[in-house]
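Below: the structure, in structure tokens.
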């Protein structure tokens, strides 16, 4: 089936990430995780019906967000979890995490279908496995559910809620866990797929209605669709190399939104990123794919 890739917005995000489709209102939210470091807004919103945009500037890095059932959003940020009032733009601290002296910040996250918010840390130097994966429950209790992580990315669930998928980008591995939707617990961690033979690294993910996992590969510029047994079903080359995350949207959840990164300076502790003096043309833009004939699933909200 023929498909199209369009640039929705040349927003030049420093580190575009974490797209969230609000199916109730037909709006897309996403983040510029480290935008505040270069004087750019942190939270973005796009209305595809009108083309209108809005953004919120926050004085902290934000790795992930989820909408709340009671309004506003929950954020996984530099040093812990926060609530964001989307009317006033005010933030409220919820729970702090151990940042290892400021080296660790929360990165990617999503909600399960019982309204629990999972978010994991990343080493800002992209080198040491000192980070953890956390679960923020609706009663605002925080539980550490895994550890020994360099860079948390791509948390998502199978349509039947029995499998949790997760990537540690700089270990070049994607994993699958058995998931207990009643308790929110993880067990039986197993390798799911590896990017060791690929040019890119696994970044943000989502799952479609057929149970396949879509992963944005930063550096290679590929969207990779994995079958539930970890096999690559297709690759879609994007217009920029540093794509970062993916989310289904549109009235029928049959469009795919893709975020990207304009940042050109990276830690020198590894050689994954090529040295660049300026961003690739279009880097940091928001893209949309239409015509694939594949649908996603509604994104759950945080129940707290």
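The values are calculated or read from the model by the stated rules, or taken from the named source; none is laboratory data. Quick caveat, the model's predicted, so the values are computed rather than measured. Please note: Cβ atoms are built from the backbone with ideal geometry, for glycine as well, and neighbour counts cover all protein chains shown.
Collect the residues in segment 109-132 that are assigned to a strand (DSSP E or B) and touching a helix residue (DSSP H, G or I) at 6+ places or on another chain (Cβ under 9 Å), keeping them in residue-number order.
The first filter runs over segment 109-132 and keeps only residues assigned to a strand (DSSP E or B), leaving 109-111, 117-123, 131-132.
Result: 122, 123.
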Discussion item. Between 180, 208, which is more than 23 Å from residue 284 (Cα to Cα) and buried (at least 18 other Cβ atoms within 10 Å of the Cβ)?
Written reply: 208
Worksheet item: Out of segment 78-103, which residues are at pLDDT 95 or above, at positive phi and assigned to a loop (DSSP other than H, G, I, E, B)?
Response: 89
Discussion item. Give all pairs with beta carbons closer than 6 Å in which a residue from segment 275-288 that is touching a residue at least 60 places away in the same chain (Cβ under 8 Å) and on the phi > 0 side of the Ramachandran plot meets a residue that is surrounded by 14 or more Cβ atoms within 10 Å (Cβ to Cβ) and assigned to a loop (DSSP other than H, G, I, E, B); count only pairs at least 6 apart in sequence or on separate chains.
Written reply: 282/239; 282/240; 284/12; 284/13; 284/262
Practice prompt. Could you look through segment 183-205, keep only residues that are touching a residue at least 40 places away in the same chain (Cβ under 8 Å), part of a strand (DSSP E or B) and more than 16 Å from the chain's Cα centre (by Cα), and pick out the one that is surrounded by the most Cβ atoms within 10 Å (Cβ to Cβ)?
Written response: 186
Worksheet item: What residue, among those in segment 3-43 that are within 19 Å of residue 154 (Cβ to Cβ) and in contact with a helix residue (DSSP H, G or I) (Cβ under 8 Å, 6 or more places away or on another chain), is surrounded by the fewest Cβ atoms within 10 Å (Cβ to Cβ)?
Response: 15
Item to complete: Give me the pairs, please: first residue somewhere in segment 132-155 and in contact (Cβ under 8 Å) with a residue 60 or more places away in the chain, second residue anywhere and part of a strand (DSSP E or B) and surrounded by fewer than 15 Cβ atoms within 10 Å (Cβ to Cβ), beta-carbon distance under 8 Å, and either six or more positions apart or on two chains.
Response: 136/95; 137/143; 140/95; 142/95
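Residues checked against (1) modelled with pLDDT under 95; (2) under 29 Å from residue 117 (Cβ atoms); (3) buried (at least 18 other Cβ atoms within 10 Å of the Cβ); (4) in contact with a helix residue (DSSP H, G or I) (Cβ under 9 Å, 6 or more places away or on another chain):
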{"site": "226", "(1), (2), (3), (4)": "no, yes, yes, no"}
{"site": "237", "(1), (2), (3), (4)": "no, no, no, no"}
{"site": "266", "(1), (2), (3), (4)": "yes, yes, no, no"}
{"site": "287", "(1), (2), (3), (4)": "no, yes, yes, no"}
Discussion item. Within segment 235-279, take every residue that is part of a loop (DSSP other than H, G, I, E, B) and within 14 Å of the chain's Cα centre (by Cα) and give me the one that is nearest to residue 12 (Cα to Cα).
Written reply: 261
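For the structure I just gave you, tell me whether residue 118 is surrounded by fewer than 21 Cβ atoms within 10 Å (Cβ to Cβ), modelled with pLDDT of 95 or more and touching a strand residue (DSSP E or B) at 6+ places or on another chain (Cβ under 8 Å). Before the answer, list the steps.
Details: surrounded by fewer than 21 Cβ atoms within 10 Å (Cβ to Cβ): no; modelled with pLDDT of 95 or more: yes; touching a strand residue (DSSP E or B) at 6+ places or on another chain (Cβ under 8 Å): yes.
The answer is no for residue 118.
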Discussion item. Looking at segment 220-230 only, could you name the residues that are closer than 19 Å to residue 157 by Cβ and part of a loop (DSSP other than H, G, I, E, B)?
Written reply: 227, 228, 229, 230
Worksheet, complete the sentence: Residue count, segment 21-30, condition within 19 Å of the chain's Cα centre (by Cα) and free of Cβ contacts under 8 Å to residues at least 40 places away in the same chain, comes to 1
Fill in: residue 169 being in contact (Cβ under 8 Å) with a residue 24 or more places away in the chain, more than 23 Å from residue 265 (Cβ to Cβ), out of contact with any helix residue (DSSP H, G or I) (no Cβ under 9 Å at 6 or more places or on another chain) and surrounded by 15 or more Cβ atoms within 10 Å (Cβ to Cβ)
no
Worksheet, complete the sentence: Those residues of segment 37-61 which are within 26 Å of residue 101 (Cβ to Cβ) and touching a residue at least 40 places away in the same chain (Cβ under 8 Å) amount to 61
Item to complete: Return a yes/no flag: does segment 86-106 have any residue that is under 23 Å from residue 19 (Cβ atoms) and within 17 Å of the chain's Cα centre (by Cα).
Response: yes
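Across segment 50-75, what is the total count of residues that are in a strand (DSSP E or B) and more than 15 Å from residue 88 (Cβ to Cβ)?
Step one: list which residues in segment 50-75 are in a strand (DSSP E or B), which gives 53-56, 62-68, 73-75.
Within this subset, residues satisfying the condition of being more than 15 Å from residue 88 (Cβ to Cβ) are 53, 62-67, 74.
Counting residues in segment 50-75 that are in a strand (DSSP E or B) and more than 15 Å from residue 88 (Cβ to Cβ) gives 8.
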